[in-house]
Amino acid sequence: MSQAALYPARGRGEDGEARMLSAALAAFVEKGFHGASMREIAERAESSVSSAYYYFSSKQAILYRIVYDITAELADSLEAAERAAGSDPAERLAAVVRLHVLFHAERQDASFIGNSELRSLGLDERAAVMVCRDRVTAAFERPVMDGAMARQFDCPDPVLTTRAIVTMATAVAVWRRADGVLAPEAIADRYVELALRMVGARS
């Protein structure tokens, strides 16, 4: 799996919090949240366990920061892409699908942890992340609903179709290989075609 991270690796004397987050992300990807320890995270960050606890009260606090940050960034980016695409539902759907796929391909590690380890968060933490996840879904649902209402899409079940498209695009973070045949841009283009077929977009 790609080591592209939400928190770029920094020099030893630079931002200790960012180094801790980057180290934790790598540990969670390799061993899972429950398999990684605060000691291992500190060692990967070339720091001490006491320093790890200086920046974060617990391993779960680190996980929450990673999951919330990646989900909020995705929601912000999707909303911006939808606005920039204009008023046409097909163009808006294409824009959010393309961005979603590229985001999950380029930020593969953080995206993978953001989805697979949501269950490891506490109830309040999970609720905060779900607000962002609802924004992600809404960025897809708005153009699908608008296209269906305008009869530009032949889509009898816009809600279920939206969920299918989001799930399909999110899974790129699970199966994509850095040495794969298709570049992220090519994957994104094909997923746009698939999504427009799924909604029954009229040419």
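No value in this document is a laboratory result; all are computed from the given coordinates. Everything numeric here is computed off the predicted structure, so don't read it as measured data. Ideal geometry is used to build each Cβ from the backbone, glycine not excepted, and the neighbour counts take in all protein chains shown.
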Can you compute the modelled spin-label distance between residue 124 and residue 87, with each label point 7 Å from Cα toward Cβ, in nm? 4.5 nm
Once the range 11-87 is represented by equal point scatterers at the alpha-carbon sites, with solvent omitted, what log10 I(q)/I(0) does the Debye formula produce at q = 0.22, 0.24 Å⁻¹? -0.91, -1.04
Can you give me the C-alpha center-to-center distance between the range 167-203 and the range 31-109, rounded to a whole angstrom? 20 Å
Report the label-to-label distance for residue 43 and residue 186 in nanometres (one decimal), using points 7 Å from each Cα along the Cα→Cβ vector. 4.0 nm
Per residue of the range 99-114, what does 6.51 cos²θ - 1.76 cosθ + 1.60 with θ = phi - 60° give for ³J(HN,Hα)? Whole Hz please, x for Gly and Pro, Karplus curve as stated. 4, 4, 5, 5, 4, 6, 7, 7, 10, 4, 5, 5, 5, 4, 5, x
Vicinal HN-Hα couplings computed from phi for the range 128-142 (Karplus, 6.51 cos²θ - 1.76 cosθ + 1.60; Hz; Gly/Pro x): 5, 5, 5, 4, 5, 5, 5, 5, 4, 4, 5, 5, 7, 5, 4
Using amide H atoms built in the peptide plane, which far-off residues or other-chain residues are under 5 Å from residue 201 H to H? 154
So what is the relative contact order of the chain, in percent, for Cα pairs below 8 Å that sit 6 or more residues apart? 25 percent
Evaluate E = 1/(1 + (r/R0)^6) for residue 168 and residue 34, where r is the Cβ-Cβ distance and R0 equals 41 Å; express this FRET efficiency to the nearest 0.05. 0.90
Mean ellipticity per residue at 222 nm, deg cm²/dmol - from DSSP H runs of n ≥ 4 across the chain, formula -39500 (n - 2.57): -22500 deg cm²/dmol
Quarter of the Cα convex hull surface for the chain, i.e. its orientation-mean projected area (nm²): 12.0 nm²
